[in-house]
2 protein chains.
Amino acid sequence: MTNTLIPYYAVIFTSTQKENIEGYSDMAEKMEILAKQQKGFLGMNSARNAVGITVSYWESLEAIKNWKQQTDHLVAQQKGRQDWYIWYNVRICKVEREYEFYS
Amino acid sequence: MTNTLIPYYAVIFTSTQKENIEGYSDMAEKMEILAKQQKGFLGMNSARNAVGITVSYWESLEAIKNWKQQTDHLVAQQKGRQDWYIWYNVRICKVEREYEFYS
């Protein structure tokens, strides 16, 4: 998807959740739709077992900063800290190289 | 885990698998044990639903290169391309900032 855009940026969001996460999946869906509408958004992937990993890709650090401060996203972050997450870690990364395999 | 080590490096491995992945989970377990023994290894997280995401963390690009070329890992990569993966993408990233939340 993104090879020609290098360097671009990745946000690696790793988390563990509480047992009762009422409202989470609706919010996650809303945030995914909203993220895709942001300027500079390139793509995202998510998976969750014992830990959840969401990686989103962005054109610039500024795009990441804008998304972090987007009003509805701020509400979601606050709700996440209060109700859903036991722990999370956010890493801001510069993607320096990329390669892909297709069978 | 790693805040004081910044900058360090992340390898984001994103993949989709075939339906029959006989032998995969044994190999994945072996590779995780082996990765943890490599010089410069800092940590890793994995999760899989529709896509699988494994992120491993390393002290340097050299440590990543050495792991990529480690003999048993080369065998596993070859087997993965032949038998298990429909598609995969590997991104080599420099971790520039990190923050964490504990409830």
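A few remarks follow.
- Structural descriptor for the stretch B:8-95: relative contact order 52 percent, calculated from alpha carbon pairs under 8 angstrom and at least 6 residues apart.
- Value at 222 nm in deg cm²/dmol, rounded to 500, when DSSP H runs of n ≥ 4 in chain A each add -39,500 (n - 2.57): -9000 deg cm²/dmol
- When A and B come together, around 3500 square angstrom of accessible surface is lost from both chains combined, probe 1.4 Å.
- For A:45-55, mean number of other protein chain Cβ atoms within 10 Å: 6
- Per-residue mean of foreign Cβ neighbours for B:5-15 is 3 (Cβ atoms of other chains, 10 Å radius).
- For the stretch B:29-103, with +1 on Lys and Arg beta carbons and -1 on Asp and Glu, the positive-most of B:A63, B:W87, B:G40 along the dipole: B:W87
- B:C93 accessible area, 1.4 Å probe, all protein chains in place, Å² to nearest 10: 0 Å²
- Each Lys and Arg Cβ is given +1 and each Asp and Glu Cβ -1; about its Cα centre, the protein assembly as shown then shows a dipole of about 420 debye.
- Residue-level accessible surface for A:V11, protein heavy atoms, 1.4 Å, Å²: 20 Å²
- Each of B:K18 and B:N66 was given a label point 7 Å from its Cα along the Cα-to-Cβ line. The distance between the two points is 3.4 nm.
- Rh by Kirkwood over Cα pairs, then Stokes-Einstein D for the stretch B:8-95 at 0.890 mPa s and 25 °C, µm²/s: 184 µm²/s
- Net +/- balance of residues flanking B:L74 in space, Cβ distance below 14 Å, scoring K and R +1, D and E -1: +4
- Translational D in µm²/s for the protein assembly as shown (Stokes-Einstein at 37 °C, 0.692 mPa s, Kirkwood Rh from C-alpha pairs): 184 µm²/s
- Counting only Cβ charges, +1 for Lys and Arg and -1 for Asp and Glu, the dipole size of the stretch A:8-95 around its Cα centre is about 320 debye.
- Computed from the C-beta positions of A:I6 and B:V51, the FRET efficiency with R₀ = 30 Å rounds to 0.90.
The values are calculated or read from the model by the stated rules, or taken from the named source; none is laboratory data. What you see is a predicted model; the values in this text were computed from it and never measured. Please note: Cβ atoms are built from the backbone with ideal geometry, for glycine as well, and neighbour counts cover all protein chains shown. Accessible surface is based on the protein model in full, side chains and every heavy atom, while ligands, DNA and RNA are left aside. Shrake-Rupley method; radii C 1.70, N 1.55, O 1.52, S 1.80 Å.
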